[in-house]
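Notes for the one structure printed next.
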Amino acid sequence: SKEISGNSYHFFSEEMDNRTFESIKLENDLYKALEQNELVIFYQPQINSKTNSIEGVEALLRWNHPEKGMISPDKFIPIAEETGLIVSIGEWILKEACKQVKAWHDQGYPLISVSVNLSVRQFEQSNLFSIVKNVLNEVGLSPKYIHLELTENLIVKNTELIVETMKQLKGLGISIAIDDFGTGYSSLGYLKNLPISTLKIDKSFIQDMTKDDAAITNTIITLAKNLNLNVIAEGVEKKEQVDFLYARDCYMMQGYFFSRPMIAEDIAQKYFY
Ligand code: C2E
Ligand code: CA
Ligand code: CA
Ligand code: CA
């Protein structure tokens, strides 16, 4: 407000400078993070609760910062997107995650898939299709084991480039999931035009399970069924949530009830032995 004294104004602006300094520092550190091997991939199981088996994992990025410790993606993905670093980081996680899953297959473990998150920038700033295709070739992984997760904010853009790239990826045999489904600003019309395989129910609907949340969850499950799409629920933490989804024929689930995201070795330890 206008009543702020010179002193408190000074205080505020210093605060702001500090914050700016912090984010510039983080940004500079992020430039080095990839080459200094500070980025780590955690994997979270995607469980088929009908067969009680692991069918896939979602690759989730972590940054093991030399001074700050483990930083969550919510803190640095936005910086990576603003700076364009997400393009190289995204290519890295795609390749590493594919290599990991391929290694598990080669070791005779179950033929699980891996879901990789993509941001809009990766569509706009790189030849995403050739990157994905090359990675799969180099790693020797069949496209059917990779799922790409996109959010609705990408769908909203609906540019020719994005649509064309999605069609090319689908043409390779890769399935595409809409992440955080139901939280975006897009209309549902895109579901009939875009090559989408899976709706991923956002954890906000699963967690509280108010009357309204339950109604929305029901609707998404029915929508998926009627459109012949797969459906997976994320953020499943409680037995009641498992039972609710199961009773509605939504069997694919992901969440702390089954497992937190963890390093590859722990996935193998817990699920493949
Ligand atoms: P997301 O793709 O929606 O991922 C799900 C988030 O929910 C993950 O947070 C996961 O750890 C968390 N989660 C899983 N189960 C539960 C649960 O039962 N309860 C609760 N409360 N949370 C659960 P995380 O790992 O912190 O990732 C946050 C977001 O960062 C992701 O949301 C995704 O949007 C982004 N992200 C992570 N890795 C990548 C990446 O490689 N590329 C891009 N572009 N974005 C990424
Ligand atoms: Ca995701
Ligand atoms: Ca999500
Ligand atoms: Ca999210």
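The values are calculated or read from the model by the stated rules, or taken from the named source; none is laboratory data. The structure presented is a predicted model; accordingly, all values stated were derived computationally and were not measured. Cβ placement follows ideal geometry from the backbone for every residue including glycine, while neighbour counts extend to all protein chains displayed. What goes into the accessible areas is simple: the full protein's heavy atoms, side chains included, and nothing from ligands, DNA or RNA. Shrake-Rupley method; radii C 1.70, N 1.55, O 1.52, S 1.80 Å.
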Residues in region 44-57 that are under 30 Å from GLU27 (Cα atoms) and either of a type in the set (Lys, Arg) or open to solvent by 10 Å² or more (accessible area, probe 1.4 Å) (or both): how many? 1
Options ASN28, ASN52, ASN127: the member that is free of Cβ contacts under 8 Å to residues at least 24 places away in the same chain and on the phi > 0 side of the Ramachandran plot: ASN52
A careful count of residues in region 29-40 that are open to solvent by 20 Å² or more (accessible area, probe 1.4 Å) and either of a type outside the set (D, E, K, R) or within 16 Å of ligand 4 (Cβ to nearest atom) (or both) gives 5
Across region 164-223, the tally of residues that are open to solvent by 50 Å² or more (accessible area, probe 1.4 Å), touching a helix residue (DSSP H, G or I) at 6+ places or on another chain (Cβ under 8 Å) and acidic (Asp, Glu) stands at 0
Identify all residues within region 94-109 that are without any contact (Cβ under 8 Å) to a residue 60 or more places away in the chain, in a helix (DSSP H, G or I), open to solvent by 10 Å² or more (accessible area, probe 1.4 Å) and not acidic (Asp, Glu); write none if there are none. LYS95, LYS99, LYS102, ALA103, HIS105
Taking region 79-103 as the region of interest, how many residues are away from ligand 4 (no atom under 16 Å from the Cβ) and in contact with a helix residue (DSSP H, G or I) (Cβ under 7 Å, 6 or more places away or on another chain)? 14
Tally up the residues in region 224-233 that are open to solvent by less than 20 Å² (accessible area, probe 1.4 Å) and either in a strand (DSSP E or B) or within 16 Å of ligand 2 (Cβ to nearest atom) (or both), please. 2
May I ask you to list the residues in region 243-273 that are surrounded by 14 or more Cβ atoms within 10 Å (Cβ to Cβ) and of a type in the set (Asp, Glu)? ASP266
Pull up region 58-73, narrow it to residues that are assigned to a strand (DSSP E or B) and within 14 Å of ligand 3 (Cβ to nearest atom), then point me to the one that is surrounded by the fewest Cβ atoms within 10 Å (Cβ to Cβ). LEU60
Whichever residue in region 148-202 is touching a residue at least 40 places away in the same chain (Cβ under 8 Å) and within 13 Å of ligand 2 (Cβ to nearest atom) and, among such residues, is farthest from SER115 (Cα to Cα): ILE201
Determine whether region 110-124 contains at least one residue that is under 24 Å from ILE41 (Cα atoms), more than 16 Å from ligand 2 (Cβ to nearest atom), of a type in the set (A, V, I, L, M, F, W, C) and open to solvent by 10 Å² or more (accessible area, probe 1.4 Å). yes
